[in-house]
Amino acid sequence: MRELFEKYPDKLALLLNPRNITPHQLNFRHAMDNDCFNQFDEPKFFESLGKLKDPMFVVCPDVVGCHYRTISLWKYYYPKIKPYGFPIAFVVQDGCKPDYVPKNADWIFVGGKDPWKVNNICNFTGIGKPVHVGRVNMVARLELCERLGVTSVDGTGWVQFNNYQTRDLKEYLSGEKQQCSLF
């Protein structure tokens, strides 16, 4: 990964999580997830906010697959995150519509279960906020996000580096048409 980060510094960034932020990682362009996909740890999350250096965004806590519980968490955590001064991403989940995105969200993070996510990315790319899509682990989905005007994506599959994903990622990064940043 270090080699790719050095070769493509404008195309790659790290999506950090509160469990394992290291000072070295903060030298790269980065954003911070909330780790709700695994298990949210509120004290660790806020401790991590104090370590960040100008992140692209911080992901407000959410509930995977449930817009209604996610909006409740937004109302609770947004005022607690805001004083840190970082852009805050609202995670759109199954059931969310563009009108439901809080006006004070700086970024939209398209989460949700895969079928809903793939079918709804296009609903959120034209509402005037940068869009990040989570769990993009194949070139076909990366290209879809690019066509739809997504700002950035993430996917742990890229960093696990099996031979096919490594080759595909290198080919994609070397292309001229790439618009998304890959985490």
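Of the set (1) surrounded by fewer than 19 Cβ atoms within 10 Å (Cβ to Cβ); (2) farther than 23 Å from residue 20 by Cα; (3) touching a helix residue (DSSP H, G or I) at 6+ places or on another chain (Cβ under 8 Å); (4) of a type outside the set (Gly, Ala, Ser), all apply to residue 113 but (3). A single member of 95, 149 is in contact (Cβ under 8 Å) with a residue 24 or more places away in the chain, among the small types (Gly, Ala, Ser) and in contact with a strand residue (DSSP E or B) (Cβ under 8 Å, 6 or more places away or on another chain), and it is 149.
For the list (1) out of contact with any strand residue (DSSP E or B) (no Cβ under 9 Å at 6 or more places or on another chain); (2) crowded, with 16+ Cβ neighbours inside 10 Å, I need the number of the one condition that residue 11 fails. Just one mismatch for residue 11, condition (1). Residues in the range 135-160 that are modelled with pLDDT of 90 or more, surrounded by 20 or more Cβ atoms within 10 Å (Cβ to Cβ) and within 15 Å of residue 31 (Cβ to Cβ): 136, 150, 152, 153, 154. Does the range 119-127 contain any residue that is in a strand (DSSP E or B), of a type in the set (Ser, Thr, Tyr) and in contact (Cβ under 8 Å) with a residue 12 or more places away in the chain? No, the range 119-127 has no match at all.
The values are calculated or read from the model by the stated rules, or taken from the named source; none is laboratory data. Keep in mind it's a predicted model, so treat the numbers as computed, not measured. Ideal geometry is used to build each Cβ from the backbone, glycine not excepted, and the neighbour counts take in all protein chains shown.
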